[in-house]
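As structure tokens, the structure follows; a few thoughts come after it.
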Amino acid sequence: MTDSPKAVFLSYASQDAQAARHIAEALRAAGVEAWFDQSELRGGDAWDQKIKQQIRECALFIAIVSAQTNARPEGYFRREWKLAVDRTHDMADDAPFLLPVAIDATPNAAARVPDKFRDVQWTTLPGGVTPPEFAARVRRLLEPGAHLAPPVAAAASARHHATVELTFLQRLKRRNVGRVAILYLGISWVVLEPLHVIFNMLGVPDWINRLVVVFMALGFPIAVLTAWVYEVTPEGLKPSATVDPSTSLLRHTGKRLNRAILSVLGLMIAYFLVYHFWLAKHLMEPVAEGARDSAQNHAEAGIEITQRSIAVLPFVDMSQSKDQEYLSDGLAEELLDLLAKIPELRVAARTSAFAFRGKAEDIPSIAKKLHVAHILEGSVRKAGSRVRITAQLIRADSGYHLWSETYDRDLTDIFKLQDEIAGAVVQALKLALLGGALPARAAPKNPEAYNLYLQGRFLADLHTKASLEKAIDYFRRAIKLDPSYEPTWTALSFAYSDTGARGFVSSEQALAQARDAAAEALKLDPKSARAHVALGLIHMNIDWDWAAADREFKQALAYDAGNATVLSLGGYLELAFGHTGRAATLFQQALARDPLHASSYNNLGIAYYAEGRLADAEAAFRKSIELKPAQSYTHNGLGLVLLSQGKRDAALAEMGRESDEGWRLEGQAIVAYALGKRAESDAALAELTTKFAKDAPYSIATAHAYRGERDQAFGWLDRAVAERDGTLASIKVDPLLKPLAADPRYQVLLKRLGLPE
């Protein structure tokens with residue numbers, strides 16, 4: 001017999017004729033002779049002999065496997081398969097001859113084929129669609145010396161792997177698995193995005209949000225698996241393995257899926273544009289707080305939520321030993337200070353933001369109390385000299401994360417990292433479009449000194465004698481290592497002032513040291529708002545140099561107009577000048593940035609009381625008590641307001657709740673006198689005089705003034721001047737001293753204090 005021609009024989013069931021024709025045409029187009037031509041086939045012995053001869057002479061035998069061949073236990077194609085297998089008994093094991101081709105999802109393991117078919121690698125050509133790579137592979141197998149790769153993956157050639165992977169991808173494409181996956185994800189986004197906003201607006205619990213997300217996630221593999229196993233037919237969903245490729249609607253289904261994907265994409269783009277250019281602005285435009293009782297509305301007048309507002313919560317110490325709270329607090333506080341210097345951004349002050357440390361409150365609730373639209377929170381984890389910091393910016397109304405990042409750094413990079421995080425926050429809030437930019441600042445030169453500075457700030461905020469002593473020591477050690485870092489000098493000045501104000505050391509010594517530290521800070525950075533505040537406090541409370549104090553506060557406001565501390569101290573100064581209206585405005589501005597600062601409500605109450613706005617004063621004092629019940633003077637202030645309203649019994653009860661003994665005795669002496677209880681008033685005043693002659697001469701003077709005892713009142717005011725009693729700063733606005741205003745001695749006293757008449 002002559003050598004077999006380089007021809008390929010295609011064996012197929014009659015139902016698969018169309019798929020077989022596609023394969024034959026593709027091979028012929030590639031220059032491969034394919035024995036497939038229904039017009040040449042005839043029944044009878046002649047036809048049977050021709051088929052047998054072609055099987056004996058062909059170079060490759062392509063057996064087309066499908067659901068149709070699986071469904072037929074008998075068929076002429078099975079005789080062809082047997083003849084092909086019989087021929088392989090005379091061939092080398094690695095000689096290329098058998099080439100099974102599956103045209104649907106019929107798996108190798110479940111196919112009803114001769115075992116010999118399983119010894120070689122199968123190829124999948126869905127519906128008979130034949131890529132050029134398959135034709136090229138057939139041509140290579142027809143070359144002399146070719147070997148047919150076995151089905152074992154480890155023995156497969158690189159070219160064979162490429163063919164198999166390509167075929168698998170084609171199957172994915174043909175069955176629209178990728179389209180279904182994309183459409184499912186798009187629909188999920190279109191559903192979840194607005195649903196999340198609606199749930200937050202309605203106050204739906206967070207667990208319901210999470211449950212919806214879980215259901216959506218579980219549905220994804222179900223949708224993809226369904227697309228792989230089933231396809232749409234005129235009769236509905238059917239397993240792909242049972243669908244005749246010639247009647248398949250997969251191509252039509254793919255076109256419909258493409259249109260659906262484009263529609264969902266259009267919805268996504270429309271929602272994005274509407275949300276970011278209209279809805280977000282309207283949701284986050286200044287929104288007045290909800291209706292409250294009348295007193296509360298008065299107390300919080302002027303406080304609103306604006307889009308460009310943020311609170312920096314204390315970062316959580318995630319270190320194993322839990323000994324890095326000073327670092328986490330320091331990082332958050334430095335970020336807060338840095339962001340507060342951006343004029344376009346309103347930043348909640350530290351006092352209010354840090355009030356939520358360790359409290360299990362959700363973000364929307366915290367933001368509402370702080371009157372901000374955004375929250376920055378994070379965590380710190382330190383291990384050796386490395387630190388991992390996670391920060392995330394959250395939009396309060398929806399709970400969405402606008403930005404989040406994790407940083408792994410050496411501790412030497414901590415200062416640069418603060419700038420990096422703040423810059424990312426600014427970018428996320430798009431402040432740059434509004435002219436905002438990250439302010440430049442001097443970097444510390446020594447990492448160890450900066451670490452000591454952070455520890456010192458943490459300890460100073462505890463305000464105990466021991467903590468202040470340690471804080472001052474840390475600041476001093478930091479200055480020795482890095483004397484050019486202004487914030488350390490400023491923090492040292494405040495620490496010294498605190499020790500003197502609390503009576504832990506001699507006030508003269510402490511204030512002299514505080515003055516020197518503030519002066520050094522201003523030499524290093526003349527634009528340091530905190531340093532100007534530190535020096536302004538000394539000028540106001542100790543020097544009584546009101547002009548110098550006013551100059552320092554105005555400079556501080558010019559350099560950091562959004563600083564709540566600067567605004568509050570400016571309010572103090574306006575009270576000293578007798579400008580109660582200006583003082584109230586500044587205190588309100590401070591509260592807009594520090595809405596949980598009890599002292600600011602206390603000061604606002606003093607300003608309202610001095611103006612005669614008794615209802616507003618009562619609301620402010622009550623809010624201060626709500627935030628900090630044990631704060632000194634607040635119950636005294638509320639008692640005096642109630643007394644002015646004619647509520648004498650309520651005023652006396654309030655004085656009994658005062659935590660500071662000096663203020664309590666003063667209040668009881670005044671209210672008892674108003675109630676006609678002269679003996680009780682005398683007893684309280686006598687005790688006040690005995691215990692607090694040196695520390696509270698001003699309070700003794702106010703009690704005498706209310707009782708109409710002018711000579712004693714002026715005598716104790718002279719004593720207050722001699723003792724440098726800081727409360728004298730309120731002499732011009734104190735309603736208790738109004739009976740003295742017409743006395744010539746009053747004007748003389750104002751001149752001694754350097755206050756304008």
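The values are calculated or read from the model by the stated rules, or taken from the named source; none is laboratory data. The model shown is predicted, which means the values in this text are computed figures rather than measured ones. Here the Cβ positions follow ideal geometry from the backbone for every residue, glycine too, while neighbour counts run over all protein chains shown. For accessibility, only protein heavy atoms count, side chains too; no ligands or nucleic acids. Shrake-Rupley method; radii C 1.70, N 1.55, O 1.52, S 1.80 Å.
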Can you pull out every residue in the range 555-582 that is part of a helix (DSSP H, G or I) and without any contact (Cβ under 8 Å) to a residue 12 or more places away in the chain?
Ala558, Arg582
Going by the structure shown, is His635 open to solvent by 10 Å² or more (accessible area, probe 1.4 Å) and farther than 24 Å from Leu573 by Cβ?
yes
Identify all residues within the range 394-418 that are in contact with a His (Cβ under 8 Å, 6 or more places away or on another chain) and either open to solvent by 40 Å² or more (accessible area, probe 1.4 Å) or in contact (Cβ under 8 Å) with a residue 40 or more places away in the chain (or both); write none if there are none.
Arg395, Ser398, Gly399, Tyr400, Leu402
Pro107 versus (1) surrounded by 15 or more Cβ atoms within 10 Å (Cβ to Cβ); (2) under 56 Å from the mean Cα position of the chain (by Cα); (3) not polar (S, T, N, Q): which is the lone unmet condition?
(1)
Assuming Ala531 fulfils every condition listed in (1) aliphatic (A, V, I, L, M); (2) within 20 Å of Ala521 (Cα to Cα); (3) open to solvent by 10 Å² or more (accessible area, probe 1.4 Å); (4) in contact (Cβ under 8 Å) with a residue 12 or more places away in the chain apart from one, which condition is it?
(3)
Out of the range 640-658, which residues are outside any helix (DSSP H, G or I) and out of contact with any helix residue (DSSP H, G or I) (no Cβ under 7 Å at 6 or more places or on another chain)?
Gly646, Lys647
Tell me yes or no: at least one residue of the range 390-408 is touching a Lys or Arg at 6+ places or on another chain (Cβ under 6 Å) and closer than 30 Å to Glu193 by Cα.
yes
Every residue from the range 97-133 that is of a type in the set (Gly, Ala, Ser) and in a strand (DSSP E or B):
Ala102
Given (1) touching a Gly at 6+ places or on another chain (Cβ under 7 Å); (2) within 30 Å of Ala311 (Cα to Cα); (3) acidic (Asp, Glu), number of the condition Glu658 does not satisfy:
(2)
Quick one: what pairs do we get from the range 703-722, first residue within 20 Å of Arg664 (Cα to Cα) and in contact (Cβ under 8 Å) with a residue 12 or more places away in the chain, second among the hydrophobic types (A, V, I, L, M, F, W, C) and open to solvent by 40 Å² or more (accessible area, probe 1.4 Å), C-beta under 7 Å, 6+ apart or different chains?
His704/Trp716
Of (1) in contact (Cβ under 8 Å) with a residue 40 or more places away in the chain; (2) touching a Gly at 6+ places or on another chain (Cβ under 8 Å), Glu611 satisfies every one except (1)
Within the range 465-478, is even one residue under 20 Å from Asp525 (Cα atoms), open to solvent by less than 60 Å² (accessible area, probe 1.4 Å) and among the hydrophobic types (A, V, I, L, M, F, W, C)?
yes
Can you report the number of residues in the range 696-719 which are surrounded by fewer than 22 Cβ atoms within 10 Å (Cβ to Cβ), more than 16 Å from Pro735 (Cβ to Cβ) and of a type outside the set (D, E, K, R)?
3
Filtering the range 40-96 down to residues that are more than 30 Å from Pro239 (Cα to Cα), in contact (Cβ under 8 Å) with a residue 40 or more places away in the chain and assigned to a loop (DSSP other than H, G, I, E, B) yields Cys58, Ala59, Asp94, Ala95, Pro96
Residues in the range 442-461: is at least one within 29 Å of Ala576 (Cβ to Cβ), open to solvent by less than 20 Å² (accessible area, probe 1.4 Å), of a type in the set (Gly, Ala, Ser) and at pLDDT below 90?
yes
When both residues are 6+ apart or on different chains and their Cβ atoms are under 7 Å apart, which pairs have a first residue that lies in the range 166-193 and is at pLDDT below 75, and a second that is polar (S, T, N, Q)?
Thr167/Thr123; Thr167/Thr124; Arg171/Thr124; Arg175/Ser240; Asn176/Thr253
Can you name the number of the only condition in (1) open to solvent by 20 Å² or more (accessible area, probe 1.4 Å); (2) aliphatic (A, V, I, L, M); (3) more than 41 Å from the chain's Cα centre (by Cα) that Leu596 fails?
(3)
Could you list, in sequence order, all residues of the range 495-509 that are part of a helix (DSSP H, G or I), within 42 Å of the chain's Cα centre (by Cα) and surrounded by fewer than 23 Cβ atoms within 10 Å (Cβ to Cβ)?
Asp498, Gly500, Ala501
Out of all the residues in the range 535-544, is one or more among the small types (Gly, Ala, Ser), open to solvent by less than 10 Å² (accessible area, probe 1.4 Å) and either in contact with a Phe, Trp or Tyr (Cβ under 8 Å, 6 or more places away or on another chain) or not in a helix (DSSP H, G or I) (or both)?
yes
If Ala607 satisfies every condition in (1) open to solvent by less than 10 Å² (accessible area, probe 1.4 Å); (2) modelled with pLDDT of 90 or more; (3) within 34 Å of the chain's Cα centre (by Cα) but one, which is the exception?
(3)
Restrict the check to the range 480-487 and report whether at least one residue is among the hydroxyl-bearing types (Ser, Thr, Tyr) and either open to solvent by 30 Å² or more (accessible area, probe 1.4 Å) or not in a helix (DSSP H, G or I) (or both).
yes
If a residue has to be open to solvent by 60 Å² or more (accessible area, probe 1.4 Å) and either closer than 17 Å to Phe9 by Cβ or touching a Lys or Arg at 6+ places or on another chain (Cβ under 9 Å) (or both) to count, how many in the range 90-104 make the cut?
1
Within the range 728-742, does at least one residue satisfy the condition of being surrounded by fewer than 15 Cβ atoms within 10 Å (Cβ to Cβ), at pLDDT 90 or above and in a helix (DSSP H, G or I)?
yes
Considering residues of the range 337-370 that are open to solvent by less than 30 Å² (accessible area, probe 1.4 Å), within 18 Å of Ser568 (Cα to Cα) and in contact with a strand residue (DSSP E or B) (Cβ under 7 Å, 6 or more places away or on another chain) only, the residue modelled with the lowest pLDDT
Ala340
So Lys527 clears everything in (1) closer than 16 Å to Ala460 by Cα; (2) outside any helix (DSSP H, G or I) except one condition, right? Which one?
(1)
Out of Leu431, Leu417, Leu438, sole residue that is under 18 Å from Ala332 (Cα atoms) and at pLDDT below 70:
Leu438
